[in-house]
1. Filter the range 60-77 down to residues that are of a type outside the set (A, V, I, L, M, F, W, C) and modelled with pLDDT of 90 or more and give me whichever is surrounded by the most Cβ atoms within 10 Å (Cβ to Cβ).
2. Considering the range 14-46 alone, what residues qualify as being under 17 Å from the mean Cα position of the chain (by Cα) and closer than 20 Å to Ser87 by Cα?
3. Which members of the range 78-88 meet the condition of being more than 21 Å from Phe20 (Cβ to Cβ) and surrounded by fewer than 17 Cβ atoms within 10 Å (Cβ to Cβ)?
4. Looking only at residues in the range 1-50 that are in a helix (DSSP H, G or I), out of contact with any helix residue (DSSP H, G or I) (no Cβ under 8 Å at 6 or more places or on another chain) and hydrophobic (A, V, I, L, M, F, W, C), which one is nearest to Asp70 (Cα to Cα)?
Amino acid sequence: MIRFILPYKQVKDHRITIVFDGWKTGSPMEERDREGGMDIIYSRRGEKADEVIKQIAETSGDEILVVTSDRNIVSFVERRGGTAISSRDFEAIISMKSWETAVTPKTTEGKGDEDDDPPENRKKGASKRLSRRERDYRKRVWKL
């Protein structure tokens with residue numbers, strides 16, 4: 001997993017924290033490590049990674065994006081104003097974007113809110129307009 005995310009970290013300078021389960025065979029204490037500029041947390045024995053992720057989402061004052069396919073965590077994060085994306089969607093974005101971003105220079109000047117949506121997903125007309133929730137979600141995820 002770390003090797004998969006490392007090229008993304010090198011292209012984008014987002015703060016990344018990876019949380020692993022240690023609840024069955026882990027250390028009695030939570031362990032933290034740093035590799036490739038990413039924070040790695042191993043939950044302590046008896047504590048699931050889900051609880052660590054919830055704690056981070058609850059205490060984080062920053063904008064947060066959580067990659068998980070667990071519906072419980074998704075709803076928890078969204079209730080606290082964060083964004084959650086499924087592991088499968090994140091993998092697709094990483095696979096598609098990592099090479100594209102490395103080749104294309106970043107230019108954000110002069111872009112309005114309407115330009116934040118991916119061009120292939122633009123639709124016109126009231127009947128084809130995405131819901132507000134979907135538009136907000138896409139704006140947050142588009143930063144990836």
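The values are calculated or read from the model by the stated rules, or taken from the named source; none is laboratory data. What you are looking at is a predicted structure, and each value in this text was computed from that prediction instead of being measured. Backbone-built Cβ (ideal geometry, glycine too); neighbour counts: all protein chains shown.
1. Thr68
2. Answer for the range 14-46, where residues must be under 17 Å from the mean Cα position of the chain (by Cα) and closer than 20 Å to Ser87 by Cα: His14, Arg15, Ile16, Thr17, Ile18, Val19, Phe20, Met38, Asp39, Ile40, Ile41.
3. Glu78, Arg79, Arg80, Gly81
4. Checking each candidate, the answer is Ala49.
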